[in-house]
Amino acid sequence: MQLDLIIKGVNLSDGRTNLDIAVKDGRIVEVAANITENSKDEIIATGYLATPPFVDSHFHMDSTLSLGQPRLNQSGTLLEGIQLWSELKPHLTKKAIKERAHDLCKWAIAKGTLIIRSHVDICDDRLLAVEALLEVREEIKDYIDLQLVAFPQDGYFRYKNSVDNLARALDMGVDVVGGIPHFERTMADGTASVRALCEIAAERGLLVDMHCDESDDPWSRHIETLTYETIRLGLKGQVSGSHLTSMHSMDNYYVSKLIALMAESEIHAIPNPLINITLQARHDTYPKRRGMTRVKELMEAGINVACGHDCVMDPWYSLGTHDMLEVANMGLHVGQMTGVEQIKQMFNSVTINGAKALRIEDYGIETGCNADIVILQASDPIEALRLKPTRLFVIRRGEIVARSQPSSSHLTLGDHEAEIDFRRLVTQ
Ligand code: FE2
């Protein structure tokens, strides 16, 4: 068999080393040592880590790269961010949303992120962002799997037209039902919104992903309702709770009950470490809470945890390059997950766990999977999280869609010249 591409000598994130990956017709046809078949194209990647693409399980493509419009967030707070977004919304144009989204997609491709779930705000009666991102989803589909969530930013019941707008957005082809129960006027309205939105998903056969309990309120209980509705409506494995930051502040006894309920409902937890560590606990003086959900404990209970970037250069977060390794790196620091297996789990949170939450098929470096592969200038997942290294090659369906030169620094120290790239073989 004549191969289209062979990648030689890579390491895999499960610990296997020095393997070749054979690609034909956009699929991986073999992963083994010393594959000798002829190939049209060859990448020598000896000692480098090959991973399936990064997955951003939670993003906002409609607001991304809008930083500075109409002004900067002077306080850096969530509330000023929401205020800024509502000032910008009436002035949005479809063309501008699409241009910014496509710019972001190019950044994502360069960073090896080829699967993105983006929430899209439906609290604009023109549904411009929905129209724009549905078009982007189609235009970018050869390079990125873009999943869209109908997100009532200003509340499902709190904003007067959300009920109609959300149904319209789903009719137009948005993939997933969103929500924001903690932003409804009362806890009771929040509970009712979770019920109503899960019923819509069950009726339409759609996935659910709600911004859920994104606050420091230890009494917020919408994740409990979300697990209940998931089980009641037969939606096990189809529902994600995004953020879940209130779990950070909840009573420990209550959490011990809640985590068991979450595991039973097979809910996916989607923290957003960069945003959670910067936006939560802003009312605290000291000690100051971290505000990220209990990632370590959720993982220990067998709950699928997939991290999201949430924002890049928008009213809520002025930083970021859409690097999912930066997300996982922050998550492991905030969650104090520096144990060997814990670091590996955080790598999974931006790769295979995301694919599981988004129900992506044929994902992985295995025979029969899509030939979607990222080669990193690092040896293994731990080094990747330490270095946030250059993506040497990004491959989509067997085609190289991005390539970068290995990064290094040249030192001149008197008579001594040295080239360093910060890689370091760890021996035990
Ligand atoms: Fe979000």
- line: Within segment 142-178, the residues that are under 21 Å from the mean Cα position of the chain (by Cα), surrounded by fewer than 23 Cβ atoms within 10 Å (Cβ to Cβ) and among the aromatic types (F, W, Y) are Y143
statement: Selection over segment 310-324 where residues are within 15 Å of the ligand (Cβ to nearest atom) and among the β-branched types (V, I, T) yields a count of 1
query: Here are L226, L244, L233: which of them is within 16 Å of the ligand (Cβ to nearest atom) and either free of Cβ contacts under 8 Å to residues at least 40 places away in the same chain or within 20 Å of V120 (Cα to Cα) (or both)?
result: L244
task: Please verify whether segment 282-298 includes one or more residues that are at positive phi and within 16 Å of the ligand (Cβ to nearest atom).
output: yes
Filter result (more than 22 Å from the chain's Cα centre (by Cα), β-branched (V, I, T) and not in a helix (DSSP H, G or I)) within segment 179-218: T186
- prompt: For T46, all conditions in the list (1) modelled with pLDDT of 95 or more; (2) more than 20 Å from P381 (Cα to Cα) hold save one; what is the number of the exception?
  reply: (2)
query: Checking L127 against (1) surrounded by fewer than 19 Cβ atoms within 10 Å (Cβ to Cβ); (2) away from the ligand (no atom under 16 Å from the Cβ); (3) without any contact (Cβ under 8 Å) to a residue 60 or more places away in the chain, which test does it fail?
result: (1)
- request: Scan segment 243-259 and give yes if some residue there is closer than 22 Å to L166 by Cα and open to solvent by less than 20 Å² (accessible area, probe 1.4 Å), otherwise no.
  value: yes
message: Step by step: first the residues of segment 200-218, then only those that are away from the ligand (no atom under 16 Å from the Cβ), in contact (Cβ under 8 Å) with a residue 12 or more places away in the chain and out of contact with any Asp or Glu (no Cβ under 8 Å at 6 or more places or on another chain), then the one that is nearest to T293 (Cα to Cα). Which residue is that?
response: D217
field: Long-range neighbours under 6 Å by Cβ, at least six apart or interchain, first residue among the hydrophobic types (A, V, I, L, M, F, W, C) within segment 280-292, second in a loop (DSSP other than H, G, I, E, B)
entry: A281/D216; A281/K288; A281/R289; A281/G291; M292/P271
- line: Going through (1) charged (D, E, K, R); (2) open to solvent by 10 Å² or more (accessible area, probe 1.4 Å); (3) within 16 Å of the ligand (Cβ to nearest atom) one by one, D56 fails only at (2)
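Listed here are the residues, each with its yes/no results for (1) hydroxyl-bearing (S, T, Y); (2) assigned by TED's automatic domain parsing to the domain that holds N304; (3) surrounded by 19 or more Cβ atoms within 10 Å (Cβ to Cβ).
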{"site": "H333", "(1), (2), (3)": "no, yes, no"}
{"site": "Q336", "(1), (2), (3)": "no, yes, no"}
{"site": "I352", "(1), (2), (3)": "no, yes, yes"}
{"site": "P381", "(1), (2), (3)": "no, no, yes"}
- line: Selection from segment 13-48 of residues assigned to a loop (DSSP other than H, G, I, E, B) and of a type in the set (A, V, I, L, M) yields A33, I35, A45
message: Quick check on L49: is it over 30 Å from D103 (Cβ atoms) and in contact with a Leu (Cβ under 7 Å, 6 or more places away or on another chain)?
response: no
message: Could you go through segment 341-351 and let me know if any residue there is under 19 Å from L146 (Cα atoms), of a type in the set (V, I, T) and part of a strand (DSSP E or B).
response: no
- prompt: Just checking, which of Q405, Q377 is polar (S, T, N, Q), outside the structural domain of G291 (by TED's automatic domain parsing) and open to solvent by 50 Å² or more (accessible area, probe 1.4 Å)?
  reply: Q405
message: Quick check on segment 354-361. Is at least one of its residues in contact with a His (Cβ under 8 Å, 6 or more places away or on another chain), modelled with pLDDT of 95 or more, under 17 Å from D56 (Cβ atoms) and open to solvent by less than 50 Å² (accessible area, probe 1.4 Å)?
response: yes
task: Check segment 133-148 and report whether any residue there is touching a Gly at 6+ places or on another chain (Cβ under 7 Å), of a type outside the set (D, E, K, R) and outside the structural domain of R397 (by TED's automatic domain parsing).
output: yes
field: Any chance W107 is open to solvent by 60 Å² or more (accessible area, probe 1.4 Å), under 23 Å from the mean Cα position of the chain (by Cα) and assigned by TED's automatic domain parsing to the domain that holds P315
entry: yes
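The values are calculated or read from the model by the stated rules, or taken from the named source; none is laboratory data. As the structure is a computational prediction, the values presented were derived from the model and not from experiment. Here the Cβ is made from the backbone with ideal geometry for all residues, glycine too, and neighbour counts use every protein chain on show. Surface accessibility is based on the protein's heavy atoms, side chains included, excluding ligands, DNA and RNA. Shrake-Rupley method; radii C 1.70, N 1.55, O 1.52, S 1.80 Å.
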